[in-house]
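Q: To start, I am sharing the structure in question, which I have written as structure tokens.
Nothing in this text is a laboratory measurement; each read-out follows from the coordinates by a stated rule. Since we're looking at a predicted model, the values are computed, not measured. Positions of Cβ are backbone-derived with ideal geometry, glycine not excepted, and every protein chain shown enters the neighbour counts.
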Amino acid sequence: MGVLHNTKCRPCKIKTQYMINNKSIRKEIITNFVSQLLSIFNEDISRDDLKETPQRVFRMYKELLSGYFQNPKDVFKTFKSNGYKDLISITNIRFYSLCEHHMIPFFGSVHIGYVPNGRVLGLSKFVRLIEILSHRLQTQENLTNQIADILEENLKPRGLAVIVEAEHLCISMRGVRKVNCITKTTILKGLLKKNSKLTDQFYREINNQKDK
């Protein structure tokens, strides 16, 4: 995937690329790290409630970061638009991701609108695309850019809009500790940037879904 580098992991002196490819070593490194982390905070890792915690944490991160081992381009299956040239909106696609700054979750909804240029993408593929990209360490800005870039590259739409709305637990549960703060990132391209009527239509469709 090009996200892993052949550098050395200093604590264990194992090359990162080998660590990633060897599942047993990968699991051992992560579970040992979790055990050490618990010990640093004076937890008794031998007590019943914590015995299996390192393995649980490994399985959790294996799932939450599974996007590193998937190629978003593999989910693309397009079809002829059969003459359809108007706006297509896919709204309220829920996602959960981990902030790359603190590895704390952020979550929310993705809204996508596009004007096809002869090809359309299967609706479930939008969900799969967002699942793959969000199951990596992310910032909201990068996630928004990546969704837009991949859709533009593979669909070449006449117009494209990507809006991400999310709550970040790095704000809610630590630091300033302010709840219900929603961050919105927006990318508009082509007709959805130039044609205000089309843009307004897309925003209305998002708001209509929220009102239901």
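Q: Using only the alpha-carbon atoms, how far is helix 140-155 inclined from the longest principal axis of the chain? Give it as 0 to 90 degrees, nearest 10.
A: 50
Q: Using only alpha carbon pairs under 8 Å that are at least six residues apart, calculate the relative contact order of the chain and give it in whole percent.
A: For the chain, the relative contact order is 17 percent.
Q: Considering all projection directions equally, how large on average is the shadow of the alpha-carbon convex hull of the stretch 59-212, in square nanometres?
A: Taking the Cα atoms of the stretch 59-212, their convex hull projects to 9.8 nm² on average.
Q: Quick one: helix 123-134 against the long Cα principal axis of the chain, what's the angle to the nearest 10°, folded into 0 to 90?
A: Between helix and principal axis, roughly 40 degrees.
Q: Could you pull out the GluC sites (Glu not before Pro) across the stretch 48-137 that fall in loop regions by DSSP (anything but H, G, I, E, B) with no more than 14 other Cβ atoms inside 10 Å?
A: GLU52, GLU100
Q: Return one number: the angle in degrees, 0 to 90 and rounded to the nearest 10, between the long axis of the Cα atoms of helix 23-40 and the longest principal axis of the Cα atoms of the chain.
A: The angle comes out at about 70 degrees.
Q: Looking at the chain as a GNM with Cα springs under 10 Å, which of VAL127, VAL164, VAL57 has the largest mean-square fluctuation?
A: With Cα springs under 10 Å in the chain, the top fluctuation among VAL127, VAL164, VAL57 is at VAL57.
Q: How large is the helix-only mean residue ellipticity at 222 nm for the chain, computed as the sum of -39500 (n - 2.57) over DSSP H runs with n ≥ 4, divided by its residue count, in deg cm²/dmol to the nearest 500?
A: Counting only the DSSP helices, I get -13000 deg cm²/dmol.
Q: What list of ³J(HN,Hα) couplings, whole Hz, do you get for the stretch 48-59 from phi and the Karplus terms 6.51, -1.76, 1.60, once you set θ to phi - 60° and write x for glycine and proline?
A: 4, 5, 10, 4, 9, 4, x, 5, 5, 5, 4, 5
Q: Also: Residues with beta-carbon under 9 Å from that of PRO116, excluding PRO116: net charge, scoring Lys, Arg +1 and Asp, Glu -1?
A: Net local charge, PRO116 excluded: +2.
Q: So the label point goes 7 Å from the Cα of SER124 along Cα→C-beta, right? Which residues of the stretch 68-101 then have their backbone N under 13 Å from it?
A: From the stretch 68-101, the list is 75-77.
Q: Among ASP149, ASP86, ASP48, which one moves the most in a GNM of the chain with springs linking Cα atoms closer than 10 Å?
A: ASP48
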